[in-house]
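I have placed the structure first, in the form of structure tokens, so that the comments after it can refer back to it.
Read-outs: derived from the displayed coordinates by stated rules, not from any lab. All values reported here derive from a predicted model rather than from experimental measurement. Quick reminder, even Gly has a Cβ in these numbers, built from the backbone with ideal geometry, and neighbours come from all protein chains shown.
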């Protein structure tokens with residue numbers, strides 16, 4: 001005999017937590033199934049530990065380069081066991097708000113175990129059979145392991161276990177030049193390791209000018225970046241050897257594999273529920289329903305973007321849609337900001353220049369604003385970066401890229417303008433505190449509006465009028 005629930009959510013990461021709590025707080029009988037630990041990758045092996053490690057590395061870098069601001073520099077002594085304990089403490093601080101007890105206070109029953117479908121309305125968890133009117137699949141993803149000869153025969157790390165590392169490698173090799181690879185490259189080189197990144201393309205989703213800044217900064221700090229593919233991996237004594245497609249060989253004593261993500265779908269027995277899926281994930285419609293309308297899928301397990309904030313957004317939308325079938329909201333956002341947390345950070349929202357030109361052709365314009373023109377950035381010594389605005393004539397903002405120490409905080413101003421279809425003047429006419437990074441974001445957009453004004457008919461008229469004035 002199965003136990004019945006209004007909603008069963010499978011997966012306790014950002015997406016699943018958000019969806020389940022929404023139902024629980026509305027008084028529905030909700031079960032949250034999690035095979036390991038509530039919080040998912042973000043809490044345990046993604047966002048939180050990586051940002052904690054980056055902060056540790058930034059501190060070490062500041063000690064090493066303190067002479068730049070008139071303080072006697074020292075070479076930091078890095079105790080990786082202590083660093084690991086610090087990261088664990090950060091995780092514990094976050095997790096206290098996500099424990100089964102904390103979730104229960106919000107009306108959700110947590111069941112630890114692996115769920116698999118028996119049919120379209122029933123799952124098996126441990127020795128229990130559970131049924132529900134609605135299901136949400138939010139099982140997330142895991143690190144992709146490429147089928148490279150010899151890789152499975154050597155010890156390597158992924159994000160799943162990197163943050164439990166308690167030794168500083170002599171030479172860390174990173175397979176993959178995406179956001180995770182570049183963040184961890186900067187973290188470990190600042191901690192004192194030699195670092196080599198191998199990838200066929202550096203951060204391919206980001207603006208090429210932004211990528212060049214990060215490449216230059218990481219090279220300056222000592223990271224070696226090789227744009228090639230690994231064709232073979234093998235052990236050489238205590239080291240690991242990578243053979244590359246370009247003929248090079250690289251060896252080191254630690255290997256991080258960061259070449260992408262794959263969805264966690266295999267253990268769910270989705271075939272028994274009739275849910276369709278591919279190697280890329282579970283396809284969903286505009287309202288996050290699978291081909292079985294009473295079964296929703298959200299977050300990294302779907303074929304959509306893989307971001308914690310996007311998963312949380314979809315969790316809130318799915319929670320609403322499955323409980324309020326009238327007036328459903330769309331669970332796919334056209335305007336999605338993202339951030340790579342190197343130093344400087346790279347943040348982006350909307351269209352890139354290439355995307356905008358493909359859609360709007362010759363009407364597309366760009367404005368490049370150097371961070372050296374922003375007073376707070378000058379005071380902070382943060383002048384490697386820039387703001388790039390992509391727009392159409394008249395000042396309609398289509399996209400923005402920000403490269404700055406606090407780009408992740410700055411990008412939201414542009415995200416609001418684009419997503420809410422606000423006029424650029426609405427941001428520029430709002431007084432910003434000075435000197436701040438948000439004021440730099442305003443200043444860049446103000447420059448855009450002034451340029452458009454002066455180069456247009458109104459500008460020519462104003463120039464003519466002013467010229468005649470005494």
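What's the exposure ranking of 414, 5, going from fewest to most Cβ atoms within 10 Å?
Placing the least packed residue first, the sequence is 5, 414.
Neighbouring Cβ atoms within 10 Å as the yardstick, rank 423, 50 fewest first.
In increasing order of surrounding Cβ atoms, one gets 423, 50.
What number do you get for the chain when its Cα radius of gyration is normalised by 2.2 N^0.38 Å, N = residues?
Numbers: Rg = 24.8 Å, N = 470, 2.2 N^0.38 = 22.8 Å.
Ratio of Cα Rg to 2.2 N^0.38 Å: 1.09.
If you bin every alpha carbon distance in segment 266-388 into 10 Å steps from zero, what whole percent lands in each bin?
Here the calculated profile for segment 266-388 is 11, 28, 26, 20, 12, 3, 0.
On full extension of the chain, what length is gained from residue 229 through residue 328, given 0.36 nm per residue of separation minus the C-alpha to C-alpha distance? Walk me through the intermediate numbers first.
Details: separation 99, 0.36 × 99 = 35.64 nm, distance 4.45 nm.
Here the answer is 31.2 nm.
Taking the Cα-to-Cβ direction at residue 59 and at residue 86 and moving 7 Å from each Cα, how far apart do the two end points lie in nm?
Computed distance between label sites residue 59 and residue 86 equals 0.3 nm.
Run through all the Cα pairs of segment 115-235 and give the fraction in each 5 Å bin from 0, expressed as whole percent.
Reading the bins upward from 0: 2, 9, 16, 17, 14, 11, 7, 7, 8, 7, 4, 0.
Under a plain spin-label model, where a point goes 7 Å from the Cα along Cα-to-Cβ, how far apart in nm are residue 200 and residue 219?
The modelled label-to-label distance comes out at 2.3 nm.
Quick one: which of 202-211, 37-46 comes out on top by average Cβ neighbours within 10 Å, and what's the full order, highest first?
Going from most to least packed, we get 37-46, 202-211.
So how much slack lies between residue 236 and residue 285, counting 0.36 nm per residue of separation and subtracting their Cα-Cα distance, in nm? All intermediate terms of the calculation are to be shown ahead of the outcome.
Values: separation 49, 0.36 × 49 = 17.64 nm, distance 4.95 nm.
Full extension from residue 236 to residue 285 adds 12.7 nm.
Return the FRET efficiency for the residue pair residue 102, residue 262: r is the Cβ-Cβ distance, R0 is 30 Å, and the value is rounded to the nearest 0.05.
Using R0 = 30 Å, I get an efficiency of 0.50.
For segment 211-256 and segment 103-176, compute the distance between their C-alpha centroids and round to whole Å.
Here the answer is 28 Å between Cα centres.
Return a whole-number percent for the relative contact order of segment 151-259, with Cα pairs under 8 Å and 6 or more residues apart as the contact set.
Working: 205 pairs, mean separation 39.8, N = 109.
Over segment 151-259, the number comes to 36 percent.
Over the Cα atoms of segment 299-453, what Rg and Dmax result, in angstrom?
My reading of the Cα-based Rg and Dmax gives 16.9, 53 Å.
Take each of the peptides 11-17, 180-186, 268-274, 284-290, average the number of other beta-carbon atoms within 10 Å over its residues, and list them starting from the highest.
Numbers: 11-17: 30.7, 180-186: 25.6, 268-274: 16.9, 284-290: 19.7.
Output ranking for 11-17, 180-186, 268-274, 284-290: 11-17, 180-186, 284-290, 268-274.
What FRET efficiency comes out for the pair residue 396/residue 272, r = Cβ-Cβ distance, R0 = 51 Å, nearest 0.05?
So the FRET efficiency works out to roughly 0.55.
Between residue 309 and residue 294, with labels modelled 7 Å along Cα→Cβ, what's the label distance in nm to one decimal, could you check?
So the two model labels end up 3.6 nm from each other.
Percent relative contact order of the chain, based on C-alpha pairs within less than 8 angstrom and at least six residues apart? Could the numbers behind the result be given before it?
On the way: 966 pairs, mean separation 64.4, N = 470.
The normalised contact order for the chain reaches 14 percent.
Over segment 289-405, calculate the relative contact order: mean separation of alpha carbon pairs under 8 Å at least 6 apart, over the residue count, as a percent.
20 percent
Could the peptides 315-322, 446-453 be put in order, highest first, of the mean number of other beta-carbon atoms found within 10 Å of their residues?
With the highest mean Cβ count within 10 Å placed first, the list reads 315-322, 446-453.
Only bridges whose two residues both fall in the chain count here: according to DSSP, what percent of them are antiparallel, nearest 5?
Percent antiparallel among DSSP bridges in the chain is about 60.
Distance from the Cα centre of segment 1-39 to that of segment 314-353, in angstrom?
21 Å
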